Amino acid sequence: MKVLVARKEYVYNYLEYMYSNVQYIETGDRTDEFKPVAHALDLDILAVGDFEPASLSTKVFTIEEFAALYFELRDRKQVLDDEQEHLEEYCNILEEFLAKK
(Lines give C-alpha, C1' and ligand atoms only; values in the text may rest on other atoms or scores of the structure.)
Protein backbone atom coordinates (compact mmCIF):
# COMPACT_ATOMS: atom_id res chain seq x y z
CA MET A 1 0.00 0.00 0.00
CA LYS A 2 1.23 3.50 -0.76
CA VAL A 3 0.42 6.88 0.74
CA LEU A 4 0.75 10.14 -1.17
CA VAL A 5 1.55 13.00 1.23
CA ALA A 6 2.21 16.71 0.78
CA ARG A 7 2.60 19.85 2.82
CA LYS A 8 -0.08 22.52 2.40
CA GLU A 9 1.41 26.00 2.37
CA TYR A 10 0.05 29.46 1.77
CA VAL A 11 1.56 31.00 -1.37
CA TYR A 12 1.33 34.75 -1.07
CA ASN A 13 1.88 35.41 -4.80
CA TYR A 14 -1.28 33.43 -5.62
CA LEU A 15 -3.15 34.31 -2.41
CA GLU A 16 -4.13 30.68 -1.87
CA TYR A 17 -2.95 27.43 -0.36
CA MET A 18 -1.01 25.00 -2.52
CA TYR A 19 0.58 21.62 -1.96
CA SER A 20 4.34 21.29 -2.00
CA ASN A 21 6.88 18.57 -1.34
CA VAL A 22 4.65 15.77 -2.64
CA GLN A 23 6.04 12.34 -1.75
CA TYR A 24 5.01 8.73 -2.28
CA ILE A 25 5.63 6.45 0.70
CA GLU A 26 5.38 2.66 0.58
CA THR A 27 3.72 1.79 3.90
CA GLY A 28 2.96 -1.89 3.33
CA ASP A 29 0.69 -3.22 6.07
CA ARG A 30 1.36 -0.21 8.36
CA THR A 31 -0.80 2.29 6.46
CA ASP A 32 -3.35 2.79 9.26
CA GLU A 33 -0.51 3.27 11.77
CA PHE A 34 1.25 5.74 9.48
CA LYS A 35 -1.72 8.06 8.91
CA PRO A 36 -1.57 9.72 12.36
CA VAL A 37 2.21 10.03 11.99
CA ALA A 38 1.79 11.89 8.70
CA HIS A 39 -0.69 14.27 10.33
CA ALA A 40 1.67 14.78 13.28
CA LEU A 41 4.35 15.77 10.74
CA ASP A 42 1.94 18.42 9.39
CA LEU A 43 1.46 16.52 6.14
CA ASP A 44 -1.85 16.07 4.34
CA ILE A 45 -2.68 12.65 2.96
CA LEU A 46 -3.77 13.07 -0.64
CA ALA A 47 -4.22 9.42 -1.58
CA VAL A 48 -3.98 5.91 -0.13
CA GLY A 49 -3.93 2.72 -2.17
CA ASP A 50 -2.06 0.45 -4.51
CA PHE A 51 -1.22 2.95 -7.21
CA GLU A 52 1.85 3.78 -9.23
CA PRO A 53 3.36 7.26 -9.54
CA ALA A 54 2.56 9.16 -12.73
CA SER A 55 6.21 9.03 -13.78
CA LEU A 56 8.64 6.11 -13.58
CA SER A 57 11.33 8.54 -12.43
CA THR A 58 9.35 9.47 -9.29
CA LYS A 59 10.96 8.11 -6.14
CA VAL A 60 8.77 5.94 -3.90
CA PHE A 61 10.20 6.03 -0.39
CA THR A 62 9.96 3.29 2.20
CA ILE A 63 8.97 4.52 5.65
CA GLU A 64 12.60 4.14 6.74
CA GLU A 65 13.90 6.15 3.76
CA PHE A 66 11.30 8.84 4.38
CA ALA A 67 12.30 9.09 8.05
CA ALA A 68 15.98 9.19 7.07
CA LEU A 69 15.33 12.44 5.19
CA TYR A 70 14.33 14.10 8.46
CA PHE A 71 17.16 12.46 10.42
CA GLU A 72 19.74 13.62 7.88
CA LEU A 73 18.51 17.21 8.04
CA ARG A 74 18.74 17.08 11.82
CA ASP A 75 22.18 15.49 11.89
CA ARG A 76 23.62 17.91 9.36
CA LYS A 77 21.89 20.87 11.02
CA GLN A 78 20.55 21.99 7.64
CA VAL A 79 17.60 23.97 8.95
CA LEU A 80 17.23 27.47 10.32
CA ASP A 81 17.49 27.80 14.07
CA ASP A 82 13.79 28.73 14.22
CA GLU A 83 12.87 25.42 12.60
CA GLN A 84 15.23 23.20 14.61
CA GLU A 85 12.66 22.65 17.37
CA HIS A 86 10.03 21.51 14.87
CA LEU A 87 12.54 19.20 13.20
CA GLU A 88 13.47 17.64 16.56
CA GLU A 89 9.78 17.05 17.29
CA TYR A 90 9.25 15.44 13.87
CA CYS A 91 12.31 13.21 14.34
CA ASN A 92 11.06 12.09 17.76
CA ILE A 93 7.68 11.16 16.24
CA LEU A 94 9.37 9.16 13.49
CA GLU A 95 11.77 7.44 15.90
CA GLU A 96 8.86 6.35 18.10
CA PHE A 97 6.98 5.03 15.07
CA LEU A 98 9.98 3.08 13.76
CA ALA A 99 10.68 1.65 17.23
CA LYS A 100 7.16 0.10 17.31
CA LYS A 101 8.01 -2.21 14.42
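The values are calculated or read from the model by the stated rules, or taken from the named source; none is laboratory data. Everything numeric in this text was worked out from a predicted model, so none of it was measured. So basically every Cβ, Gly included, is an ideal-geometry build from the backbone, and we count neighbours across all protein chains shown. Ligands, DNA and RNA are stripped out before the accessible areas are found, and what is left, the full protein with its side chains, is counted by its heavy atoms. Shrake-Rupley method; radii C 1.70, N 1.55, O 1.52, S 1.80 Å.
How would you classify segment 20-86 from its alpha-carbon gyration tensor, with a ≥ b ≥ c the square roots of the eigenvalues: rounded for a/c under 1.5, else prolate if a/b is greater than b/c, otherwise oblate? Cα axes put segment 20-86 in the prolate bin.
Ligands, DNA and RNA are left out, and with a 1.4 angstrom probe the accessible area of segment 9-101 is 70 Å² per residue. With contacts taken as Cα pairs under 8 Å at a separation of at least 6 residues, the chain carries a relative contact order of 28 percent. The value of relative contact order for segment 1-40, using C-alpha pairs under 8 Å at least six residues apart, is 44 percent.
Annotation: extensible slack from residue 16 through residue 31 equals 2.4 nm (criterion: 0.36 nm per residue apart, minus Cα-Cα distance). Surface composition of the chain: carbon and sulfur make up 50 percent of the accessible area, probe 1.4 Å. In the elastic network of the chain, a GNM with C-alpha springs shorter than 10 Å, the most mobile of 37, 11, 22 is 11.
Excluding same-chain neighbours fewer than eight residues apart, the aspartates and glutamates reachable from residue 2 by a Cα-Cα span under 17 Å are 26, 29, 32, 33, 44, 50, 52, 64, 65. For the chain, the share of DSSP beta bridges that are antiparallel, to the nearest 5, is 80%. In loop segments of the chain as defined by DSSP, the chymotrypsin sites (Phe, Trp or Tyr not before Pro) with at most 12 further C-beta atoms inside 10 Å of their C-beta are 12, 14, 51.
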